[in-house]
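The values are calculated or read from the model by the stated rules, or taken from the named source; none is laboratory data. Bear in mind that the values here come from a model prediction, so they are computed numbers and not experimental data. No Cβ is skipped: glycine too gets one built from the backbone with ideal geometry, and neighbour counts run over all protein chains shown. What goes into the accessible areas is simple: the full protein's heavy atoms, side chains included, and nothing from ligands, DNA or RNA. Shrake-Rupley method; radii C 1.70, N 1.55, O 1.52, S 1.80 Å.
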Amino acid sequence: MRMRSLQSIWKRSLLQLFILELSALILLAGYFANPAIAQNKPADSELLSLSIEELMNVKVTTVSRNPQKLTQVASAVFVITQDDIRRSGATSIPDALRMAPGVQVERIDTNKWAVSVRGFNGRFANKLQVLMDGRSVYSPLFSGTLWEHQDTLMEDIERIEVIRGPAAAVWGANAVNGVINIITKKAADTQGVLLSAGGGSFEHGFAGARYGGKINEDTPFRVYAKGFTRDNTASLSGENNRDQWHSARGGFRVDHSRGIDQLTLQGDVFFNSNGDKINQAVLDLPTLPVNGYRGYEEGGNIRFRWDRIISDRSSIMFQTYYDRVRQKILPVVDYDAESFDADFQHRFPLFDRHDLTWGANYRLYHNTFFDTDVITFHPRTRTNQLFSGFIRDEITLIPDYLRFSIGTRLDHNDFTGLEIQPNARLIWTPDAENSVWMAVSRAVRTPSRAENDIRLNAAQIRDFPGLSLLPFPVLSVIQGSHSFNSEKLIAYELGYRHQFSPRASVDIAGFVNDYSQLRDASFGALSLSTGVPTQFLLPIMGNNQASALTYGFEISADWKPTDKWRLQGNYSFLHMDISANSLTKRFDPVTSGADKVNPQHQLSLRSNYDLSDKLEANFWLRYTSDISYYNIPGYVTMDAKMTYKPAKNLELFVVGQNLFNQNHREFVADFLPSSLAVIPRGVYAGAQWRFW
């Protein structure tokens, strides 16, 4: 009764929050919907009007922390534009990431994803750094990204830069296999009013509103609110997984320009109501409800940034942010986490051929984990600090033809001390149509708080050799270890880009990754539990005795047969050899069994066609090969979006997702054994209206 009462209160709070935000924005929009007040700003750019050459010259900032043309970057980088997102029909950031080569995105259930780059996928893919406008959203509690916390108005995303391969020399520890940087639009680019709403089968209902205006000519701003409700998934037997997801979110951004200085203040708040159901065939505890459980997540962040642009080769940047998350989904998880970050960067030329960038970073994590019947932390409360410094030199060896960059980052953390992560890159551009690049990098993945302090009741072991003869069941208990060290990588990369014509281009990247001191597991002594039910406890502790060698390549191609038609395709191949304890391969999908958790082949083909000025047809075909660890067969699926524009600023759309099958399996929860879910086919329709 008490739990239902709490859920009812939170649902009402959620609804009230969303209605309040949306009402305020609509009233604000109605008041300011005056052409004399709001600035005439065109809607999102239509990239079909750009040539391939122009698309390849899009500037990216994540590789070096400075703007660089895509064709001049000595790294495997892919840019997902706002137009790509809009035409795909993706309603979440993870779904949009499926467009990038080398990125594995698998949906676990309604509110969880597994996202990784170049292998080692999982609920907490711990070798992938994720940023939103340069703000790290990588969780130091569990080493990974909680994707259900990361969202914004999808129309406000300017682009997503996906870096495949190490970027630790620039972004620090945990940028081992890649970096994803979600970059939102400046306030000046979101002027006027945007309203969107719709609903369908799996996407039950969604609505969003944004208003952008100006405090004065130098100070544009925007505010937004969004909310949605997504359906439950079903188990393999068709039972309800009780994971329906309600979410509300709002935020603002203010930009100010004064001479050579640019200031930004940005913030967001969110509230999620979601649930889960434990697969009791794997973990059966008396306190776990048979029909699932529900709870909430809430949080917010605020970010301040100052840029001083002195010249094309000289600039100063300072950014600081505060972030807080509260998650309470009982009887499984209950914690409060906050972080503070301050980041400084200075770029300047040295002589004619050197472009130097150096910087420093300080980060503080503070969290309290409250005991549940599944997870406990000792100590409950911890404060950890991270100190970093980096330097990078971009050297022009032969003007317009050959450039070399070298740099390193020094990180000092509370668990493993000093970590050194150097990197060197070389790019040769013999002409405007070709470029060849290569790189060698060292990166580390530092231990999480959980790997040091957790006690997790993981699963009942039923088929382990010799244990089935015991008189009581065996419960495996994962225990943190203070002796666990950083995982290490030496990576070798080679890439080539070629522009066949103003209408066609190809990008190829290959890699060999040599991992050492990866996390493996060792077993402690069996002991008998003191409570009810009686069972043996088998402690499992992490160690650094595993290693791996992986290699693969990614190809992406872009072709515009006509001015109204754009085709984009990519293919990714990944091979993994893991050296680990043979006993752990049965229950450790994160490292020991990772070679069977990641699909070896992935294919994506997108067709964006403007049938007329008012009608668009967009199709997206995807293939993922089998994931043998979970006995998930390979699958082919397709999304489609039809858009009709009856008036200049009005769009009506209908989207079909996962159209080829009624449902399919994508992944299995690997941290907590949630009930296995199938991802359903979905259809939704909606409208979007812009005015100013």
Hey, can you tell me all the residues within region 639-666 that are in contact (Cβ under 8 Å) with a residue 12 or more places away in the chain, assigned to a loop (DSSP other than H, G, I, E, B) and not acidic (Asp, Glu)? Asn649, Asn658, Leu659, Phe660, Asn661, Gln662, Arg665
Return only the number of the condition from (1) in contact with a Ser or Thr (Cβ under 9 Å, 6 or more places away or on another chain); (2) more than 30 Å from Phe344 (Cβ to Cβ); (3) of a type in the set (A, V, I, L, M, F, W, C) that Phe124 does not satisfy. (2)
Output for region 142-166, where each listed residue is among the aliphatic types (A, V, I, L, M) and open to solvent by less than 10 Å² (accessible area, probe 1.4 Å): Leu153, Ile157, Ile160, Val162, Ile163
Which pairs do you get when a residue that is closer than 15 Å to Phe120 by Cβ, found in region 576-596, comes within reach of a residue that is open to solvent by 30 Å² or more (accessible area, probe 1.4 Å) and modelled with pLDDT under 90, reach meaning Cβ atoms under 6 angstrom, with the pair 6+ apart or on two chains? Pro589/Asp670; Ser592/Lys585; Gly593/Lys585
What do you reckon, is Leu288 among the hydrophobic types (A, V, I, L, M, F, W, C), in contact (Cβ under 8 Å) with a residue 24 or more places away in the chain and not in a strand (DSSP E or B)? yes
Looking only at region 530-554, count every residue that is open to solvent by 30 Å² or more (accessible area, probe 1.4 Å), more than 17 Å from Asp520 (Cα to Cα) and in contact with a Gly (Cβ under 8 Å, 6 or more places away or on another chain) and tell me the total. 2
Does region 177-197 contain any residue that is touching a strand residue (DSSP E or B) at 6+ places or on another chain (Cβ under 8 Å), over 26 Å from Ser88 (Cβ atoms) and of a type outside the set (Ser, Thr, Tyr)? no
Quick check on region 330-354: of everything there that is modelled with pLDDT under 95 and on the phi < 0 side of the Ramachandran plot, which residue is most open to solvent (accessible area, probe 1.4 Å)? Asp352
Any residue at all in region 258-275 that's among the acidic types (Asp, Glu) and under 30 Å from Val668 (Cα atoms)? no
Can you tell me which residue within region 53-68, out of those that are open to solvent by less than 80 Å² (accessible area, probe 1.4 Å) and not in a loop (DSSP other than H, G, I, E, B), is nearest to Thr357 (Cα to Cα)? Gln68
For the condition closer than 25 Å to Phe124 by Cβ and surrounded by 19 or more Cβ atoms within 10 Å (Cβ to Cβ), what is the one hit in Phe667, Phe653? Phe667
Could you list all residues from region 480-497 that are within 28 Å of Leu526 (Cα to Cα), surrounded by fewer than 19 Cβ atoms within 10 Å (Cβ to Cβ) and either in contact with an Asp or Glu (Cβ under 6 Å, 6 or more places away or on another chain) or at pLDDT 95 or above (or both)? Asn485
Only one residue in Ser237, Ser257 is part of a loop (DSSP other than H, G, I, E, B), out of contact with any Gly (no Cβ under 7 Å at 6 or more places or on another chain) and open to solvent by 10 Å² or more (accessible area, probe 1.4 Å), so which one is that? Ser237
Tally time: how many residues in region 317-329 are within 20 Å of Leu265 (Cα to Cα), open to solvent by less than 40 Å² (accessible area, probe 1.4 Å) and of a type in the set (A, V, I, L, M, F, W, C)? 2
Test Trp113 against the stated conditions and say whether it is open to solvent by less than 10 Å² (accessible area, probe 1.4 Å) and of a type in the set (Phe, Trp, Tyr). yes
Taking the condition more than 30 Å from Val332 (Cα to Cα), out of contact with any Asp or Glu (no Cβ under 9 Å at 6 or more places or on another chain), open to solvent by 50 Å² or more (accessible area, probe 1.4 Å) and of a type in the set (A, V, I, L, M), does Val683 pass? no
Report yes if some residue within region 592-615 is in contact with a Pro (Cβ under 6 Å, 6 or more places away or on another chain) and open to solvent by less than 40 Å² (accessible area, probe 1.4 Å); otherwise report no. yes
Need pairs with beta-carbon distance below 6 Å; first residue in a strand (DSSP E or B) and within region 354-376, second open to solvent by 40 Å² or more (accessible area, probe 1.4 Å) and of a type in the set (Ser, Thr, Tyr); sequence gap 6+ or separate chains. His366/Thr383; Thr368/Thr381
Yes or no: Asn631 closer than 30 Å to Met541 by Cα, touching a Leu at 6+ places or on another chain (Cβ under 7 Å) and of a type in the set (S, T, N, Q)? no
Do the conditions hold for Trp559, that is, is it open to solvent by less than 20 Å² (accessible area, probe 1.4 Å), over 30 Å from Pro447 (Cβ atoms) and among the hydrophobic types (A, V, I, L, M, F, W, C)? no
Based on what the data block shows, is Phe78 open to solvent by 10 Å² or more (accessible area, probe 1.4 Å), among the aromatic types (Phe, Trp, Tyr) and either closer than 23 Å to Ile555 by Cα or more than 13 Å from the chain's Cα centre (by Cα) (or both)? yes
Right, Arg87: more than 16 Å from the chain's Cα centre (by Cα), buried (at least 20 other Cβ atoms within 10 Å of the Cβ) and of a type in the set (Lys, Arg) or not? yes
